[in-house]
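The values are calculated or read from the model by the stated rules, or taken from the named source; none is laboratory data. Only a predicted model underlies this, so the values are computations on that prediction, with no experimental measurement involved. Reconstructed Cβ throughout: ideal geometry from the backbone, glycine too, with neighbour counts over all protein chains shown.
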Amino acid sequence: MLTQQELLRYNRQILLPDLKLEGQEKLKSGSVLVIGAGGLGSPALYYLTAAGVGRVGMVDFDTVDVSNLQRQILYDTNDVGKSKTGRARERLEGLNGLIKIETHDCLLDSENAMNIISNYDVIIDGSDNLPTRYLVNDACVLLKKILIYGAIFQFEGQVSVFNELHKDGTRGPNYRDLFPEPPPPDMVPSCNVGGVLGVLPGIIGAMQANEAIKVLAGIGTTLNGRLMVFDSLDFTTRYLKLNRNPDNPISGNNPTIHALIDYDEFCNPTHNNGNEIQEISAAAVKKLLDEGTAVQIIDVRETLEYGLVNIGGLNIPLGEIERTISLISRDIPVVVHCKSGGRSRLAIKKLQQDHGFTNLLNLKGGIIQWQKELNLK
């Protein structure tokens, strides 16, 4: 039952002939978990909260930095350096105090994903990396949860609804029906490298919220079995039909995945044609530095990112690696890092394969893991 406050607040939705009072009550009794409180998560969280979804959760471990403000509309300049989940919770509770906001201030991984995701009806993936996308998809398939997928890059966005329950008891396609195996890491440039139009995640995140509301309220036709591709430059929309793949390793006729796996290794293998990429932990790097061991640290993030936070390494953005080979030592260990480990792998791969380097180490988890493990900035 809705209270008088709720009847007043949600009046314009209740008037909708397809939603009515019954649909609003379903929203109140429903729950949605948003993975990532960033560019996609910000608008999705705003609209789910405003719509009266009874319990809204979010997972994020990061802090706000100034480069987020171009697209992450939950935050403002005063939030820089603060926890995303903490600031998001305050904003959302200010928007609607009639629902429950839950925060999970952590990195979603194979150890905690099942426990966190199991407590929600619908999951929205607002992540920006392949390991998390596969992790969330597999957890949703194993837990029989509906997943609202979204992705953005530069001027293009994608949305779909995965693993939706059909009337005959079967489930719709999931992410692995679209991408059974991850592409090579260097084929998937991140927004940090390729950029993104700030308004685009607002559009795509709002679409994800729309799909979640339709699922909870039981109205309309979702993007189940369809991938919507939106181009913001020419404002065109295409729909690609998705079918279940009988060879899908987690939901096909003979599934081989029955539990969550090591998604970092799955999506970013540490070997390339026998040319292995060696990794080193943040604690091990700190020990080398404390002992005075000769070691060079190369930070391949963009100059703006380096200026916000760094660990004192030489800043050579990934796109400039080829022009600065002479600055990289061949005689001592060289630790290469970025924000989370993806771009540094690409740099190491290029240096090893094209320039014969044999002394490179990838900082596992990048500067994020450095801060998490050592509480250092």
Residues in region 110-119 that are in contact (Cβ under 8 Å) with a residue 40 or more places away in the chain, out of contact with any Phe, Trp or Tyr (no Cβ under 7 Å at 6 or more places or on another chain) and surrounded by fewer than 21 Cβ atoms within 10 Å (Cβ to Cβ): how many?
3
Residue ID - surrounded by the most Cβ atoms within 10 Å (Cβ to Cβ), chosen from residues in region 242-271 that are charged (D, E, K, R) and under 24 Å from the mean Cα position of the chain (by Cα):
D264
Is there a residue in region 291-311 that is small (G, A, S), touching a strand residue (DSSP E or B) at 6+ places or on another chain (Cβ under 9 Å) and modelled with pLDDT of 90 or more?
no
If we keep just the residues of region 182-206 that are surrounded by fewer than 22 Cβ atoms within 10 Å (Cβ to Cβ) and modelled with pLDDT of 80 or more, which is nearest to V136 (Cα to Cα)?
A206
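Each row is one residue, and each column tells you yes or no for (1) among the aromatic types (F, W, Y); (2) touching a residue at least 40 places away in the same chain (Cβ under 8 Å).
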{"site": "D331", "(1), (2)": "no, no"}
{"site": "V336", "(1), (2)": "no, no"}
{"site": "G341", "(1), (2)": "no, yes"}
{"site": "L346", "(1), (2)": "no, yes"}
{"site": "F357", "(1), (2)": "yes, no"}
Residue in region 323-338 that is surrounded by the fewest Cβ atoms within 10 Å (Cβ to Cβ), counting only those that are of a type outside the set (A, V, I, L, M) and under 27 Å from G292 (Cβ atoms):
S326
